[in-house]
Structure formats: C-alpha cells, structure tokens
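Take a look at the structure below.
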Amino acid sequence: METESDSDDNKSLPPATTESPPQSAPDQQPPLSKRAQKKLLKQQRFEAKKAEKKAQLKEHKQREAERKRREWAERLAGLSEEEKLKLIEERKSVRRERMEKRSEEKGKKIERLTRAKESGQNFVIDLEFSDLMTSNELQSLVQQIMYCYAMNGRCETPAHLWLAGYQGEMQNLLEKTPGYDKWLIEKESRPYIEAFQDQKENLVYLTADSENVLDELDPKKVYIIGGLVDRNRWKGITMNKAKEQGIQTAKLPIGNYLKMSSSQVLTVNQVVEILLKFLELRDWKASFFEVIPQRKRCEADSEDVHDEPEAEDNAQEQGDDHQDMKRQCIEGKQLSNPV
C-alpha cells in the first residue's frame with residue numbers, strides 16, 4: 001500500500017523520457033565514390049584552367065588594344081594637320097564600309113532564315129532530358145545550341161531549327177543568352193510529339209541504336225536530335241523513347257565511310273553541322289570529313305568497318321571536344337547574338 005511519504009517522493013521525481021537515437025542531418029550528403037571524386041577533381045581543374053585562359057585572353061586583348069592606340073598616336077605625331085585629317089577620314093571611311101558590309105550580311109542572313117522557316121528542312125533539338133543533367137551539363141548544351149544557331153545562319157541553305165520541350169533551368173539559361181529573344185528559330189516549350197502531333201508519321205529520331213541507316217534527307221521528314229550531355233549514363237534512352245512514342249528512327253551512315261579513332265560520341269552541334277553540310281553538298285563522306293575532328297577519325301576501308309559509332313543521338317562534351325566547340329562558339333558569337 002502506498003504511503004503518503006511515498007506519494008510525495010514520486011511527485012518530486014522528473015518524468016521519464018525516452019531518448020531517440022541521434023539522426024543525421026537531413027541535408028547531409030553521402031560520401032562520394034572514388035570515381036565521383038576523380039570526376040569532381042577533373043571538373044575543378046578544368047574550371048580553374050578555363051578561368052586562367054579567360055584571364056589570359058582578356059589581358060592579351062587589353063595589350064593589343066593599347067598597342068594599336070600607341071601605334072596610331074605615333075603615326076599621327078609625325079604628320080601635318082592636313083595629313084592627319086586625311087588619314088582620319090580614310091579610317092572612318094574603312095569603318096563605314098565595314099559596317100555597311102556587316103549590315104548587308106545581316107540582312108541576307110535574316111532573309112535566308114525567314115525562308116528556312118517557311119520551307120527549310122526541319123531539325124528539332126529535343127530538350128526534354130533537362131532533368132537528367134547537372135547545371136554544368138545544361139550550360140554546355142546551351143553553348144552547343146548557340147553554335148548550332150550561328151552555323152545555321154551562315155549557311156546558304158539553312159535549316160528550320162526547332163528547340164522543343166525546354167522548361168525550368170534550361171529555359172532560364174536560354175533566355176539569359178544574349179540576343180536569344182531575337183533568334184530566328186522555333187522556340188517550342190511543348191514536347192515535339194505534341195508540337196508535331198499532326199505529322200507523327202514524319203517524325204524521325206536520329207539514334208545510333210537504330211537499325212535504319214539514313215541515306216537521304218527527306219524534305220517532308222522532321223529529324224530529331226537528342227539534347228543530352230554525357231549520354232554514357234543513359235544508354236539507349238533516345239531509342240527507347242522513340243519506340244514508346246511509336247515514331248521512326250534512323251542513324252547517320254558514319255560507319256559506311258569512317259571508323260572512329262577515339263571517342264565515338266558527337267556533340268549536338270557536330271550532328272547539326274553534319275546535317276547542314278549534307279544539305280549543301282549532298283555527300284555524306286565529305287560532310288563527315290569536314291565536321292568530325294581529325295583526331296577522332298580515320299578513313300575506313302569498307303570491309304574493315306564493323307563498329308557503328310555511337311554518335312548522332314546525343315551530345316557529350318569531353319576534353320578537347322569541349323574546347324573545340326567553345327572556340328567555335330566564340331568565333332560565331334557575333335552571329336549567334338541578335339540578328
């Protein structure tokens with residue numbers, strides 16, 4: 001029987017508590033694998049090297065600008081006032097001619113791209129894979145798209161380019177691209193399967209996993225290129241997508257003319273450039289040899305070619321390929337900015 005003193009003692013005791021096991025912080029990330037650590041270190045080295053090269057290029061441009069200003073001042077210093085005025089007027093005339101030429105080229109480019117939107121060959125870059133890529137990979141893809149647009153604008157017979165299915169971060173990155181709002185290109189936020197629902201029988205997904213070799217470009221067809229960087233993580237993804245949607249597939253006939261000596265993956269801009277070259281030349285071999293870097297190919301005897309390169313369906317940016325594409329983007333940036 002409980003006594004009054006026992007009852008008082010029980011009241012003075014603190015309530016019993018049940019301790020739960022310590023929980024890890026919700027934002028704590030699992031440790032990276034050795035392979036992931038190596039990949040991260042490689043990316044960090046690449047970014048550091050890129051920043052260093054950018055700084056060196058800026059410094060070089062500044063030195064060149066200063067040198068030209070100094071040479072111009074020295075040239076004027078030894079002239080009379082009349083000779084100075086004449087030389088300055090000549091320089092202004094050269095600049096006017098240059099600006100007029102650029103303006104004329106710009107007008108012709110607009111005309112070509114406008115005609116292409118009406119009757120050009122349809123090439124679609126499928127951007128529905130954005131959620132499978134990192135921010136760096138998305139930025140890489142945007143750079144490739146910039147180059148695709150610049151290349152197309154320089155062509156005498158440009159294609160009708162489409163960007164289909166872009167949303168989220170990809171959309172934000174594209175809209176931040178200088179001059180993007182003035183690009184003469186189809187910008188379709190819907191998936192291509194919806195945008196071309198009335199032409200489903202004409203859709204052809206370019207994928208190296210296809211058994212159908214592309215011999216010719218049919219003006220009625222709409223050719224789709226997968227916008228996916230680092231496709232090695234997603235083997236067969238474009239082929240499976242095309243099968244699920246019930247659309248045709250094809251692969252570029254690279255294996256009929258070349259065998260690849262190194263990486264067998266081409267970037268989006270390389271695929272688009274090959275297709276544009278074929279529109280111009282109607283010659284697959286010449287198109288491949290003009291676009292595919294020398295280090296990645298060697299001419300193949302017909303009986304020696306067995307392995308089809310995993311090339312045309314997606315974008316992968318590795319090592320020197322990234323540097324080549326970046327240089328080409330820089331060269332074509334003036335054309336990829338506002339038309």
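List of remarks:
- Nearest-0.05 FRET efficiency for K108 and K200, computed from C-beta distance (R0 30 Å): 0.30
- In plain terms, the chain from K49 to E74 could stretch by 5.3 nm, reckoned as 0.36 nm per residue minus the Cα-Cα distance.
- Convex hull volume per residue in cubic angstrom - Cα atoms of segment 154-244: 147 Å³
- Among M133, G107, F123 - extreme Cα towards positive end, dipole of segment 101-140, charges at beta-carbon: G107
- Protection proxy ranking, peptides 269-278, 216-225, average beta carbon neighbours within 10 Å, highest first: 269-278, 216-225
- Cα-Cα pairs of segment 21-176 separated by more than 19 Å (percent): 76 percent
- Exceedance of the 27 Å cut-off in Cα-Cα distance is limited, within the set K38/K296; K92/K117; K117/K277; K50/K176; K68/K108, to K92/K117; K68/K108.
- Cβ-derived FRET efficiency at R0 51 Å, R295 paired with R190, nearest 0.05: 0.85
- Once the Cα-Cα distance is subtracted from the 0.36 nm per residue extended length, the D215 to E100 segment shows a gain of 37.2 nm.
- The calculated FRET efficiency for K58 paired with D181, based on their beta-carbon distance and R0 = 30 Å, is about 0.65.
- Between amide H atoms placed 1.01 Å from N, distances below 5 Å from T249 occur with Y205, all of them 5 or more places distant or on a separate chain.
Taken together, the values in this text are just the output of simple stated rules run on the coordinates, not laboratory data. Given the structure is predicted, the values throughout are model-derived calculations rather than measurements. Glycine also receives a Cβ, built like all others from the backbone with ideal geometry; neighbour counts cover every protein chain displayed.
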